[in-house]
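Asker: Below is one structure. I have some questions about it.
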Amino acid sequence: MKIIVAGIDEVGRGALAGPVIAAAVILEKNISGLDDSKKLSPKKRSHFSDLIKNNSMYAFGSASNNEIDDINILNASLLAMKRAILNLPVRPSMVLVDGTFKPDLDIPMRAIIGGDSSENAISAASIIAKVYRDNLMIKYDSIFPVYDLKGNKGYGTKKHLEALKNFGHCEIHRTTFNGVIIK
């Protein structure tokens, strides 16, 4: 029996707006040069994202800003990971998870701190999740332009925080997060 290894990672945990996105990737061939998405330029991330999608099985999972507010960001991140794994076209025999926490599934898993830099399958998941979420935030920017989501991807930049003070939050903001709640 062939061992099918999936890597999983999430992006958007620290953002003030939008969902948390997880990706699960089963690499069908080795791709050299992969790394943690945060260490790659947007151009390299986009290049690798296309390469990964053409040479792997992958799936996305998400948890909305409302789910984040209801169950907290850690549980929402684990829920997004669980959804990504369940959305894969095949059931992996092992899942490598970036970080210290694992989603609750009846599949063998190993949590690896810094796995997005050390394990190609996790790096691949990190990259495609980041590209997916960034593109989603660019789309949201056309609906909610005052927050500069295209520029900040939902994170708490000075411009984003000023917009929250001046205009309040919108429907994609995480209303339980500091910065969104104006005290």
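The values are calculated or read from the model by the stated rules, or taken from the named source; none is laboratory data. This structure is a prediction, so every number in the text was calculated from the model and none was measured. All Cβ positions, glycine included, derive from the backbone under ideal geometry; neighbour counts span all protein chains shown. The protein model used for the area step is the full one, side chains on, heavy atoms only, and it has no ligands, DNA or RNA in it. Shrake-Rupley method; radii C 1.70, N 1.55, O 1.52, S 1.80 Å.
Asker: Can you find, within the range 137-161, the residue that is least open to solvent (accessible area, probe 1.4 Å) among those that are among the hydroxyl-bearing types (Ser, Thr, Tyr) and in contact (Cβ under 8 Å) with a residue 12 or more places away in the chain? Write out each step before concluding.
Answerer: Keep residues of the range 137-161 that are among the hydroxyl-bearing types (Ser, Thr, Tyr), which gives 140, 142, 147, 155, 157.
Still in the running and in contact (Cβ under 8 Å) with a residue 12 or more places away in the chain: 140, 147, 155.
Numbers: 140: 57, 147: 11, 155: 82 Å².
The qualifying residue least open to solvent (accessible area, probe 1.4 Å) is 147.
Asker: Now for a different question. Which residues, counting only those in the range 73-100, are open to solvent by 20 Å² or more (accessible area, probe 1.4 Å) and more than 14 Å from the chain's Cα centre (by Cα)?
Answerer: Matches in the range 73-100: 86, 87, 89, 90, 91, 93, 94, 100.
Asker: Scan the range 162-181 for residues that are outside any loop (DSSP other than H, G, I, E, B) and in contact (Cβ under 8 Å) with a residue 24 or more places away in the chain and jot them down.
Answerer: Residues satisfying the conditions are 164, 173.
Residues checked against (1) polar (S, T, N, Q); (2) within 17 Å of residue 83 (Cα to Cα):
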site	(1), (2)
93	yes, yes
99	no, no
102	no, yes
106	no, yes
115	no, no
119	no, no
130	no, yes
133	no, yes
136	no, no
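Asker: If you don't mind, there's one more thing I want to ask. Within the group 134, 69, 104, which residue is in contact with a Phe, Trp or Tyr (Cβ under 9 Å, 6 or more places away or on another chain), of a type in the set (D, E, K, R) and either open to solvent by 10 Å² or more (accessible area, probe 1.4 Å) or in contact (Cβ under 8 Å) with a residue 24 or more places away in the chain (or both)? I'd like the intermediate steps shown before the answer.
Answerer: Working: 134 fails: in contact with a Phe, Trp or Tyr (Cβ under 9 Å, 6 or more places away or on another chain); 104 fails: in contact with a Phe, Trp or Tyr (Cβ under 9 Å, 6 or more places away or on another chain).
Going through 134, 69, 104 in turn, the sole match is 69.
Asker: Within the bounds of the range 6-19, is there any residue that is touching a Phe, Trp or Tyr at 6+ places or on another chain (Cβ under 8 Å) and more than 29 Å from residue 149 (Cα to Cα)?
Answerer: no
Asker: For a quick check of your reading of the model, give me the residue pairs whose first member lies in the range 73-87 and is within 14 Å of residue 23 (Cβ to Cβ), whose second is of a type in the set (Lys, Arg), with beta-carbon atoms closer than 7 Å and at least 6 apart or on different chains.
Answerer: 77/13
Asker: Can you give me the number of residues within the range 20-43 that are surrounded by 15 or more Cβ atoms within 10 Å (Cβ to Cβ) and either assigned to a loop (DSSP other than H, G, I, E, B) or without any contact (Cβ under 8 Å) to a residue 24 or more places away in the chain (or both)?
Answerer: Residues in the range 20-43 being surrounded by 15 or more Cβ atoms within 10 Å (Cβ to Cβ) and either assigned to a loop (DSSP other than H, G, I, E, B) or without any contact (Cβ under 8 Å) to a residue 24 or more places away in the chain (or both): 5 in total.
Asker: Can you tell me which residue among 72, 66, 120, 152 is touching a helix residue (DSSP H, G or I) at 6+ places or on another chain (Cβ under 7 Å) and among the polar types (S, T, N, Q)? Walk me through it before giving the result.
Answerer: Values: 72 fails: touching a helix residue (DSSP H, G or I) at 6+ places or on another chain (Cβ under 7 Å); 66 fails: touching a helix residue (DSSP H, G or I) at 6+ places or on another chain (Cβ under 7 Å); 120 fails: touching a helix residue (DSSP H, G or I) at 6+ places or on another chain (Cβ under 7 Å).
Every option except 152 fails the conditions.
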